[in-house]
Structure formats: C-alpha cells, structure tokens
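Each remark here refers to the structure printed beneath this line.
The values are calculated or read from the model by the stated rules, or taken from the named source; none is laboratory data. The shown structure was predicted, so the numbers you read here are calculated from the model rather than taken from an experiment. Quick reminder, even Gly has a Cβ in these numbers, built from the backbone with ideal geometry, and neighbours come from all protein chains shown. The area values use the complete protein model at the heavy-atom level, side chains included, leaving out ligands, DNA and RNA. Shrake-Rupley method; radii C 1.70, N 1.55, O 1.52, S 1.80 Å.
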Amino acid sequence: MPCEKKPMRYGHSEGHTEVCFDESGKFIVTCGNDGDVRIWEGLDDDDPRFITVGEKAYSLSLRNGRLVTASSNNTVQLHTFPEGEPDGILTRFTTNATHVTFNSNGTRVAAGSSDFLVKVVQVGDSSDQRTFRGHEAPVLSVTFDPRDQLLASSSCDGSVVVWNIEEQNQVTRWNLLQKTNDVSNAKSLCRLAFQPHSGKLLAVPVEDKVHLYERDTWSHVTTLSDNLITQPVNVVSWSPCGKRLAAASVGGVIVIWDVSSKMCLERQKHEKGFTVCSVAWSPSGAELVYTDTEGCVGLLEGVCSLLSWQPSTVARDFDDLFDGDEDGQMDEGESPRRPQDDDDIITSTGRIKNRAAFLEDDNSLDTGSLKLGGEKFRDDDDDDGGSSIAPPPGPPVPLRPVYEGPMPTPPQRAFQPGSTPAHLTHRFMMWNSVGIVRGYNDEPENAIDVEFHDSAVHHGMHLSNALGHKMADISQEAVLLACPSTDELCSKLVCVHFSSWDTHKEWVVDLPRGEDARALCLGRSFVAVATSALLLRLFTIGGLQREVFSLSGNVVCVSAHGEQLCVVYHRGTGFDGDQALGVQLLSLSQKRRLILDQPLPLSPQSTLSWIGFTAEGTPCSVDSEGQVRPLLEDQGAQGQSRRHFNLISCLFCRCIPCKGSRFPPTLPRPAVAVLPFKMPLCQTSTEKGQMEEQFWRSVLLHNHFGFLSSNGYEIDEEAQSQSLKEQQELLMKMFALSCKLDREFRCVELAQMMTQNVVTLAIKYASRSGKMGLAQRLSEIALEKAQEEHQEEEEETTGRSEMSRYNSRQTEEVEEEDEEENEDREEETQPKKLDYLTVNVSPQVSSGGASPAQPRVTNILDNIPNRKSAPLTSSSIKTKKSPVLKPLAPKPKSKTQSTLLQMSSKTNTKRQESEERPEEPRTKEPNPNPAPPSPESTENRRPQTGFQLWLENHRKNILAESPNLDETDLIKDAMGRFRSLSAEERLSWTERAKGQSGDDPKKRKRPEEVEDKEGSKETNEETSAKKAKTVGVAEKLSAFAFN
C-alpha cells in the first residue's frame, strides 16, 4: 500500500528550515529562520519545547545526546539534548556557517561557511581543528564518510570536492553545479550524502538528477531520475539500511528510489508546490520527515511497507515471482479496483510500478548489467539475500582495458584580466589603470557603472545593461562592452567612444550568427575581439573593420597596451593538472609584425590569473600560485640577441587584498595595496641568500634603466648610479663572506662580475687575509678587465668616427648633386656668354689648333677658377688630415694620448682656419660663372678605408636582411661582419680603397709627405705610450698585491 502523507503544520517563520530525528526516533528536531530549535514529540505535538540559539539558525545535527547548530552569529554551538543546555562554542567563522553535520560516532563535527572554509572539529577538544581550503565561493553542504576517513563538500563555485581528513588534501574534484555568489542565490543546496555503513557510494544532486559516484575510483556509476522532477534536486538522504535514497527538489517533489534496481518506489508532491529544503529518515526507516521554505513540517508514514511485497527468504527463484499461479493467487485476494492515479505507486495487483521502464534515462543500467552492477549497491554487512531483485544473468560483458596514463586537464575558460567572475550578482567587469567598470545584475535593475580614476579624462557614466553584457574594457578613449548570443539575438559589440569630437559617441557591431565574443580589449587606436570561431577581429576606435586573424587555439584572454596586442590561447591539451597555453605578442603599428610567439610558462597545476602590460609596455603574466613573470622580447640581429627586462610593475606590484574571499566586493570600494617584488631564489633566510637576492634584483633594476633610456624615457641618473654602487657593494660583501668560508673559487667567480676598481679592493682584502694565491688570480683578472675597457673605448671611438665620416660623406654628396644641378641650369640659361668668353679670352687657342666650329670650352672653364680654387683645394686637403682609426687593427691608447691627439687636431684646425681667413674676401667676390667641382675634391670624397668601401658594396644586402636597423646598428653589424673576413680579403679591400682614393703623387706630393710624417710620429707616440701604460699597470698591481 502507498505511504501515508500527514498534513503539514507550521513550525518556524518563513525561510530556510532544517529537520532531523533523534537516535531513538521519538523526537523530531527542527530549526528555522526565527533562530529557535524546536523539539517535537511527534508531529501532533502542540506544545514543542524550543531553544533559542541566535537571530537565525541555518543548520543542525544531533548525535549521542548532543545538538550542534550553525547560527547567524558566525558560531557553531553545542547544546545538550533533550535538556537544551548550552555546552560551549565549537568554532567560529568570519561569516555565518551554512551547514553542520556529525560523523557516524558523534566525535567530530564538520562545518562549512560563507567564507569558503570547511572545518572539522573534535567535540571533546575544540582546539583540535582541521581547516580545508580550496573552494572559491561559499560552502553549500558537508558530509562525513561512514568510515571517518573522507569528507565531501559542495560550494557555490560549482565544485564538489572529496577531502582526505588526516592529510587535509583533495582526493578528487568535480565541477558539476551552476556557479553563484551566495547560498541565498544558489539554484540548489546540493546536500550530499555518503551511503551508510560501507560508504561505497556518494550521492550528488546535479540539476534534476542524482549522480552516484563509486568510492576509491570516484567514477560515475549511474544516475537516478524521474519524470516528475523538472526542477533542480535540493537535498538527498539515504535510508538507514543504505538500500533506498530519498531526494527532494526545488519544485516540492519527493522521490524515493531503490538504488540496486533503480526503481522509483514513491513519488510525493508538496501540497502547495513550495521548495523542500530538508529531509530525514527515522532510525527505523519507516518514516520520512521533511520541511519547506515556508517553515512548515511534513511527514510520510509507512515508507518501509513499500518493499513488503518482496519475499523474506530466497527459497524461490526470480522467475517464480512472476509465474501464472502466483499471479492468480495475488489476484484472488486483491481489493476492488479503483481508478489509477499518477501518484500511486502500487497497482491493483499489488505490484510496484517499475518507473525505470519508462524513464528512458541514457545513463540507466541495462538488464544485462544489473546483475553485475548490483554488487556495487549492496551493503557488505547485509545478509538479506532477498532484499533486492536480481534479474536473470545476461551474457558476459567483456572487460574494457583500463587507461592508467596521465589524465587530460580540462582547458581553462576564457576570462577578462582585471575582472571578477561573471556569475556574481555585483562584480567588477574591469579594473585597470584608467578606471573601473562595475556590473549590477539585480532584479530591479541590470546596469553598468563606469568610474574613472582621473576625472579629467571623463566624468562617470551609468549605462543600462538591457543586452546583458558580460565583458568590458576601458581606456583613455572609449568603453567597450560585449554580450553573448541568445536564441533570438546574436552576440553584440558596443563601443562608447566618449573621446570622439563628433556627435555620434556610440557604435554597435553584430557578430555573425553562431559566433560569440570570448575576450576583448582596447588599444591606442584599435579594438580587438577574440571569438568562439577561433578568429581575432580588429576594428578601429571609430568602428571601421580592419584585419581578421585566425587563432591557433581557443582564446583564454587578450590584453593591449599602445600599439601592442597580447593574445593567450590553448596550444594543446594539458595533462595532470597542467595547462598548455601559448602567447603571441603583436605590433599593430604601420609595420605590423609578430614580436613574440612562444609557450606561456605557468607554475605546476596552476591556471592563468592575469595578463597585461607594465607601465612602459612589457607584457607580464600572473598565475594562480601568485608567480609574476615578465615576457621577454628577443630581437635577433646576425646571431646576436638583445633582451629587454622591464620590471617596473614587478618592482612593486599593485593588488587588491581580499580577506575571507577570493574576489573583492564592489561596495565599499576596495583599497589598492602595493607589494614589494622579490626574486624567487633559494635559501633567502640566510645571509648569503639575502645578498644574492638583493644583487640580482639590483641588476634587473639597472637593466630596466638601460631599457628606458634606449626607448626615449627620461631616467634618474642618480638612481642609476646608485644601483651600480649597490651592486658592487653587494659583490664585495659576498666576496668577504666567501673569503671567511675559504671559498676561493667562489671568490674568483664574484670577481668576474666586479668592475676594475672593486677588483683592486678585492685584491687588497685577499692580501690582508693572507690568501696570496687568490690575490695573484685576482691580479690577472684585473689586467684582463683593464684590457677589455681599453678595447671597448676603442670600439666606441671607431664606431663614432665611422658614423660621423659616413654622415659627412652623405652630406657632401647631396651638396655636390645640388651644385651640379645649379651648373646645368646656368649653362642652359647662358650659352652666348660662354661663346663670347671662348673667342675673346683665348684667341690664340681658337686660331692655333682647333677649328672655330669646335671651340675648347672646357679649357677656358678650367682656367677661370684656377687662381681662386687653389687655396680651397689645399685647405680641403688639409682638413682631411685628421687621424683615422681603422677598425682592422685597433691600437690601444691611453686617455692621456687620446686627449693629446684631440688637442693637436684642434690646434691644426685652428691654424688652417687662420691661414684661410686672409683669402676669404677673394672667395666672396661675385663670380657669374660658378666653377664645377674639381676632380681632386671629388676623388677625396670617395671611401678612404677598406671597411667603408666594403660597407658601400654590402649596404643593400644588410638592409635587406635586417630592414629595422638604424644607422648606428648598421655600422656595428657591418664592422662585425668585416672583422669575420679573412686577412687576405680585408687586405684586398684595403688595397682597392687605396687605389680608388689615391691621387696623382705629383699633384699631392707635399700633403702626403706631411701626412706620412705626422702619421709616423703618432704611431711612435702610441707605441711608446702603450708600453709605458702596460708596464705601469702590471707593476702597480703586483706591488700592491704582495706588499
């Protein structure tokens, strides 16, 4: 016969209500939104006793004469039962506890709260507590394993986690539920339950079904469902025998299944359709009590009689239960037929309807597997062989091979850097250096508030969110919003271009049907949107469509800074909890290029939390473990690479600290904190580790100054010199520490990083410490560093001279072209005057050898400017006599010599200027016929060295290989290539250069002699100075080291 449903009665005020039986089954205990715990002696008790535990009571549990409650004062309290005397406070939380439960023997209490924590407390000693962290939202429910080894919990973050109590770690984790930000907004309470006695199965309510997971393997065994359940299942509860499972839904439906056969034994519906928020079995299993969200209590009686038709012994075979004789005997004693109701379970023949016959669940077990799967649902301690129905054995099921390799990791979903999760009712849609975009998804209003850090950029804005935008970004020019697609509308992109000077401040773009926006960002002059179609769509800030790129995988997030765009995507499938992400850095300026394309480094078993740019434009990433990593930009040039370390945002990281939660609340506005940056080195607690961390942090800061200066930023020279001084001081301290520990090899390694002056101090320290062998090695290092410094100075001087010579030569070529053009124009405009000069000035020449038809105009033009061009030519020759440093054979010069050479060159220049000054008035006389450039001056403008001639011939090839090189980098690259040539090739280029630039020895005999004399004099001076310098340094260092 069907169970009897007692009329519901009022118990508490409107709100969440919970219920349980005591161990004897005599009392029914309830708690509710009024803060009272009521003790009923049966449902007909008109005067129940009550205990006030707080303003609100959220949960209760009863075991061994003790009552534990979770109240609104953020505490978990104990009371004696049935007296109701307070017995102390077990634990406290920063917010209210949401669910409490006892273990099987009543020695422990598990509690979950809204501050994302789960605690297990010993009842006898409340100081013995274990805290479990890992949920990212308020905890919905907790339940103990009957063996007291495991603990299961569900959370508003959508996860169900199984914990190992002793080790306090996660055994397994499923993401099964819909995410929400609070228990009050959750679609389901998801009250979990382990199977009694054995704990073989874990029942988890998932939407409108109940999933059963097997212990140890944690595989999904089966699913229980019913056609009457159309809304999410709220709570589940096992019968004391562990064979039946009761579930109650948000729609007020209560269903009882026989787990082994998946038969639906009972279906009851709330008389008013209210949500059933708690169910509990009596110790005998004959009654089922339940409560709703209106504070009422109901009872189902006679639940154990649902299986009374099953035989008490197993003497008869399964087929005998359904033979014709037995049917006839049952038909003879049946009561008169009555109309069938959908809520009736037992038919007129006394048989139970097999609900599994018409559920058609995809996850249901077939008849052939019921026999095999029945062992999973049968209790080990159960000796009643006839308590479950076993169908006839089917054909043997072949065993499938078990995969024991690494398990694939679920891919990380796309997100917006600087935003909080989209399932929160009040959330930050974007928080960056420009402003804040807040989203409110309340029932009365769905709106977006935009706030700017600097009110001078723009005033705050309040936007309606009728389209349901989920993503946003904000810049100095615009606010960008995007919404997902629905059945009626496609995904839309909305841009509020508030910096536009025209009247239209907003534009909207509809994405193609079936394509959703997954990530977006705003750049200096572009809008980037990554879609579900693996496309990256670019728009101008005014709404004009630009390029469309294909992505190599599903996008994770995008970020922009200036003209740079950073895209993070899935480049493959990760395993064992690791994500396989890739990052691309694009430059969207006029010269579009791919700057970076490499895997994105992450900590083990972590996810990407944020990606963006520093203040100067270097991309950085942060993973879920809190590791900050700058992405280095490699710019290769002929096998050499330059790496820019820009750590301005890593020297101090701006963040929002969250207390008691993973994400900050929108109101009140959270404060931004500044955290110091530290290098992740080993043993930073020791003196050596601290100095090493400080040194390398200072090195990164110094490299940061170099990067800024090379990119046009104004830097603090005092801070830059201070960082260098700090580095050398730290090196000297580490050197002294290594000397005390007799680590001489380490001392030499430190000396390699010192400057020459600090190496001198190290030699002095090693000599005073009695380490003469170390001092000798350090003196050799000092000599090497001195030679390196000289060589670097010469290379810099050579590069500067080559650069200046090249620039002057280009300027002369431009002037020469201008002069030739002017001469051509004058020749065209004055042909008659030239003929007149030809006839009158040189009549003898015209009558002597040449015919009058062919006058020798060239000789006349050559003779006219000869008188006044001679001093100009000589002065031009003299100005070319400055010493040239050829890159083929650099000679080390001291600072004194270079200073003397500069002074001598300046003196010669002054003398030349003084010699030219008396002749200046002559050169300023008006000359109607400008003279053409002399052959000697044009010859002097040709390359003077083999390197210059080689550079002229190979300039186009170098620029073709590296078009982005500027003139300085081009000369450096060319010098490296020219030095890599063999000696014969360089000599041949030098001879060719001399052959092209050499003049007639008769015409330039005196200048060459003067130049040779001065060159030989300078060579002798340089050689003698070099010898004196080298001997002096060696003698000083050796004398200093050993005296």
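Assuming a ≥ b ≥ c are the square roots of the Cα gyration tensor eigenvalues, decide whether segment 11-301 counts as rounded (a/c under 1.5), prolate (otherwise, with a/b larger than b/c) or oblate.
Rounded, since a/c falls under 1.5.
Report the calculated FRET efficiency for E792 and C682 (r = Cβ-Cβ distance, R0 = 35 Å), to the nearest 0.05. Intermediate values should be presented prior to the final figure.
Numbers: r = 34 Å, r/R0 = 0.97.
After rounding to 0.05, the efficiency reads 0.55.
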* Asked: Taking the Cβ-Cβ separation of N953 and Q598 as r and a Förster radius of 35 Å, what is the calculated FRET efficiency to the nearest 0.05?
  -> 0.40
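Given a Förster distance of 25 angstrom, what is the FRET efficiency for E301 paired with Q231, based on the Cβ-Cβ distance and rounded to 0.05? Please report the intermediate quantities before stating the final value.
On the way: r = 26 Å, r/R0 = 1.03.
So the FRET efficiency works out to roughly 0.45.
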* In nm, give the distance between the simple-model label positions of R992 and Q690, each being 7 Å from the Cα along the Cα-to-Cβ direction. => 6.4 nm
* To do: With the full set of protein chains in place, find how many percent of the accessible area of segment 11-301 is carbon and sulfur; take the probe as 1.4 Å.
  => 41 percent
* **Contour excess over end-to-end distance, with Cα ends at R147 and A533 and 0.36 nm allotted per residue** => 134.0 nm
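Which entries in the list K56/K119; K119/K200; K6/K209; K26/K269; K179/K262; K5/K272 go over 19 Å, if you measure between the two C-alpha atoms of each?
Details: K56/K119 21 Å; K119/K200 23 Å; K6/K209 26 Å; K26/K269 26 Å; K179/K262 29 Å; K5/K272 14 Å.
Among K56/K119; K119/K200; K6/K209; K26/K269; K179/K262; K5/K272, the Cα-Cα distance tops 19 Å for K56/K119; K119/K200; K6/K209; K26/K269; K179/K262.
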* Find, among the chymotrypsin sites (Phe, Trp or Tyr not before Pro) in segment 461-528, those assigned to loop by DSSP (not H, G, I, E, B) with at most 14 other beta-carbon atoms within 10 angstrom. => W501
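Might you tell me the accessible area per residue for segment 692-791, computed with a 1.4 Å probe and given in Å²? Intermediate results must be reported in sequence, preceding the final value.
Working: 5730 Å² over 100 residues.
Accessible area per residue: 57 Å².
For a protection proxy built on the mean count of beta-carbon atoms within 10 angstrom, sort 18-31, 410-423, 784-797 highest first, please. Write out the running numbers ahead of the final one.
Values: 18-31: 20.5, 410-423: 18.9, 784-797: 14.3.
Descending packing order for the listed peptides: 18-31, 410-423, 784-797.
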* Separation in nanometres of the label points that stand 7 Å from Cα toward Cβ, at T409 and R743 -> 3.4 nm
* To do: Kindly count the pairs of lysines across segment 692-791 whose alpha carbons are less than 16 Å apart, treating pairs on different chains or eight or more residues apart as eligible.
  => 4
